[in-house]
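Okay, so here's the structure we're looking at.
Each reported figure results from applying straightforward, stated rules to the coordinates on display, with no laboratory input. From a predicted model like this one, the values you see are computed outputs, not experimental measurements. Cβ coordinates were reconstructed from backbone atoms using ideal geometry, including for glycine residues, and neighbour counts include every protein chain displayed.
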Amino acid sequence: MSAIRLLVLNAVRQHGRAHGYQVRGDLEYWGAHEWSNAKPGSIYHALRQLAKQGFLHEHEIAPSTAGGPPRTEYEITAAGTEEYLRLLREALTSYDQKTDVKSAAIGGMVDLPRAEVVALLEERVRRIERWRTSVTEYYVPEDGPEQLGHIGEIMNSWVHAADAEAAWTRGLIGRIEGGAYTFAGEGKPFVGVLAEGQENPYATGERHPGDNR
């Protein structure tokens, strides 16, 4: 799945309405430019594609006082909210070793009910365990990586990564069951986007030709 679609839908949904430069700023604020393909070009492309597919609604507002074309603001549609929650559920349960998908999912998990998130993460652990079992059909961790020559180091790294992911996920489940964070239906939702005019402490200072959109 595409992490950028999940990230962009999350940002627009939190704002209510947002233009491309705001969405870019939010993803940068989350550090997504470091752990995903959330670069300016891919962000603006995702916004256009999501609008074309009916997941976002485009609003053209007046041109800026500095001139130039009208700025486009995006608003999530009912279909977009449904798609966002579908992607979120899929990302919370999937295990494909892609850090961007996992990070995007954790960033949006509080938009679901607490009990559902626990259930999704428990399914994630089961999938990790099944994946690890498939690897150990050909590789015996106790015998060490040398059993397969230097290629054994690849499978060794896979097994260690799976074990670490399972342990981390179980820890997260424990924290959630212990009452950590505010989930859907429990009170005022967490707002993780920048307010209009709020300074972005993680801004790169770079601008993009599409920043007026």
message: Between Arg17 and Glu122, what is the label-point separation in nm under the 7 Å Cα-to-beta-carbon projection?
response: 4.3 nm
- prompt: In nm, to one decimal, how far is the modelled label at Asp96 from the one at Tyr181, with both set 7 Å along Cα→Cβ?
  reply: 2.1 nm
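Taking GluC sites (Glu not before Pro) that fall in a DSSP loop and have at most 15 other Cβ atoms within 10 Å as cut points, what is the longest piece of the chain between them?
So the longest stretch without any such site is 1-136.
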- line: With Pro141 itself left out, Lys, Arg at +1 and Asp, Glu at -1 over residues whose Cβ is under 10 Å from its Cβ give -2
field: Pairwise FRET efficiency - Ser134 versus Lys39, Cβ, R0 = 30 Å, nearest 0.05
entry: 0.35
- line: Surrounding charge for Ala38, neighbours by C-beta under 12 angstrom, Lys/Arg +1, Asp/Glu -1, total -1
message: What distance in nm lies between label points placed 7 Å from Cα along the C-beta direction at Glu199 and Glu82?
response: 4.4 nm
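May I ask you to sort Leu172, Leu87, Leu27 by Cβ crowding, counting other Cβ atoms within 10 Å and putting the fewest first?
Leu172, Leu87, Leu27
Could you work out [θ]222 nm for the chain from helices alone, using -39500 (n - 2.57) per DSSP H run of at least four and dividing by all its residues? Round to the nearest 500 deg cm²/dmol.
Calculated mean residue ellipticity at 222 nm is -17500 deg cm²/dmol.
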- request: For segment 81-212, just say rounded, prolate or oblate: build the C-alpha gyration tensor, square-root its eigenvalues into a ≥ b ≥ c, call rounded for a/c under 1.5, and beyond that prolate if a/b exceeds b/c, oblate if not.
  value: oblate
query: R0 = 45 Å: FRET efficiency of Glu58 with His150, Cβ-based, nearest 0.05?
result: 0.30
statement: Per the C-alpha gyration tensor (a ≥ b ≥ c, the square roots of its eigenvalues), segment 8-57 is rounded if a/c is under 1.5, else prolate if a/b beats b/c, else oblate; here it's oblate
task: Report the relative contact order of segment 1-140, percent, no decimals, based on alpha-carbon pairs under 8 angstrom and at least 6 residues apart.
output: 25 percent
message: Run the reach check for Lys102 against lysines, Cα to Cα strictly under 25 Å, same-chain hits fewer than 8 apart removed. What comes back?
response: Lys39, Lys188
message: Under 5 Å between amide hydrogens, which residues at least 5 positions from Ile76 or on another chain qualify, with H placed 1.01 Å from N in the peptide plane?
response: His57
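Does segment 1-159 classify as rounded, prolate or oblate by the C-alpha gyration tensor (a ≥ b ≥ c root eigenvalues; a/c under 1.5 gives rounded; else a/b over b/c gives prolate, otherwise oblate)?
It is prolate, given that a/c is not under 1.5 and a/b is the larger ratio.
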